[in-house]
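S.K.: This is the structure I want to talk about, given as structure tokens.
The values are calculated or read from the model by the stated rules, or taken from the named source; none is laboratory data. Note that the structure is a prediction, hence the values are computed from the model and not measured. A quick note on method: Cβ atoms are made from the backbone with ideal geometry, for glycine too, and the neighbour counts reach across all protein chains shown. Just the protein is used for accessible areas: all its heavy atoms, side chains included, with ligands, DNA and RNA removed. Shrake-Rupley method; radii C 1.70, N 1.55, O 1.52, S 1.80 Å.
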Amino acid sequence: MVAIIDYDAGNIKSVEKAFQYLGQDVILTRDPGVIVSADRVVLPGVGAFGDAMERLQQYGLVDVIHEVADRQIPFLGICLGMQLLFDSSEEAPGVKGLGILPGKIVRFSDDMGLKIPHMGWNSLTLTKDSRILRGIGQNPYVYFVHSYYLQSDRPEDVSATTQYGCLVHAAVEADNVFGCQFHPEKSSRTGLTILKNFAAL
């Protein structure tokens, strides 16, 4: 069973439909007991870092997410859900992230002359053998919507990068914890392959 953490994030239903399309049993839940008993757990997300952390705390989900990580249950953060795995974000100064992985979230610079948010299809450069990125080929295109991006403190955690005026850490993998800045649920066949790989862990 795949448990999708329900904390009122914007892309929950599309993530649910993608897993259902792949034939997975899916539950949307904020019940700690259900989450820690799931085979795999997904933290989706579209929105603001500070508001999201406030909702996770309000619903009592912070400790549960740490327990999932500690128990080695496969865990996937998508878009804002990936950003929340890290220490902090320039979007919400003073607000602590989950701190499961070391790194910070920074805003794209207005000086780059590029549209912010970064919205659309960009190719990935795979930087290591990632279990969930297998079978997607070299330089596959995936769909992004974000104004902030990850700077990981551990290069060995980064499984894919992209370029948007600067180097963007687009995906991470560390033991049982995975993250995608892009939206696999909106990334056509490539995205479905990634979700299928995750569901097969």
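S.K.: Which of (1) open to solvent by 20 Å² or more (accessible area, probe 1.4 Å); (2) of a type in the set (Ser, Thr, Tyr); (3) closer than 18 Å to Leu22 by Cα does Tyr164 not meet, given it meets every other one?
M.R.: (3)
S.K.: Further question on the same structure: Under 9 Å between Cβ atoms, at least 6 apart or on separate chains: pull out the pairs that start in the range 66-82 with a residue that is within 22 Å of His183 (Cβ to Cβ) and end on any residue that is at pLDDT below 95 and among the charged types (D, E, K, R).
M.R.: Sorted first by the residue in the range 66-82, then by its partner, the list stays empty.
S.K.: How about the range 117-132: which of its residues are of a type in the set (A, V, I, L, M) and open to solvent by less than 30 Å² (accessible area, probe 1.4 Å)?
M.R.: Of everything in the range 117-132, those that are of a type in the set (A, V, I, L, M) and open to solvent by less than 30 Å² (accessible area, probe 1.4 Å) turn out to be Leu124, Ile132.
S.K.: Shifting gears a bit: When you check Phe182 against the structure, is it open to solvent by less than 60 Å² (accessible area, probe 1.4 Å), in a helix (DSSP H, G or I) and not hydroxyl-bearing (Ser, Thr, Tyr), yes or no?
M.R.: no
S.K.: Just one of Asp87, Asp8, Asp63, Asp25 is acidic (Asp, Glu) and under 25 Å from Arg189 (Cα atoms); which is it?
M.R.: Step by step, each of Asp87, Asp8, Asp63, Asp25 is checked, and only Asp25 is acidic (Asp, Glu) and under 25 Å from Arg189 (Cα atoms).
S.K.: Let me ask something additional. Can you tell me how many residues within the range 5-55 are among the aromatic types (Phe, Trp, Tyr) and either touching a His at 6+ places or on another chain (Cβ under 6 Å) or farther than 18 Å from Cys79 by Cβ (or both)?
M.R.: Matching residues across the range 5-55 total 1.
S.K.: Quick check on Leu101: is it in contact with a Lys or Arg (Cβ under 8 Å, 6 or more places away or on another chain) and in a loop (DSSP other than H, G, I, E, B)?
M.R.: yes
S.K.: A follow-up question, please. Considering only residues of the range 135-154 that are over 17 Å from the mean Cα position of the chain (by Cα) and open to solvent by 70 Å² or more (accessible area, probe 1.4 Å), which is nearest to Asp87 (Cα to Cα)?
M.R.: So the residue we want is Asn139.
S.K.: Let me ask you something else. Out of all the residues in the range 155-170, which are farther than 22 Å from Arg131 by Cα and within 13 Å of the chain's Cα centre (by Cα)?
M.R.: none
S.K.: If you scan the range 27-55, which residues turn out to be surrounded by 21 or more Cβ atoms within 10 Å (Cβ to Cβ), out of contact with any Gly (no Cβ under 8 Å at 6 or more places or on another chain) and not in a loop (DSSP other than H, G, I, E, B)?
M.R.: Of everything in the range 27-55, those that are surrounded by 21 or more Cβ atoms within 10 Å (Cβ to Cβ), out of contact with any Gly (no Cβ under 8 Å at 6 or more places or on another chain) and not in a loop (DSSP other than H, G, I, E, B) turn out to be Ile35, Arg40, Val41.
S.K.: Kindly provide the set of residues from the range 56-65 that are part of a loop (DSSP other than H, G, I, E, B) and touching a residue at least 40 places away in the same chain (Cβ under 8 Å), ordered by number.
M.R.: Result: Tyr59, Leu61.
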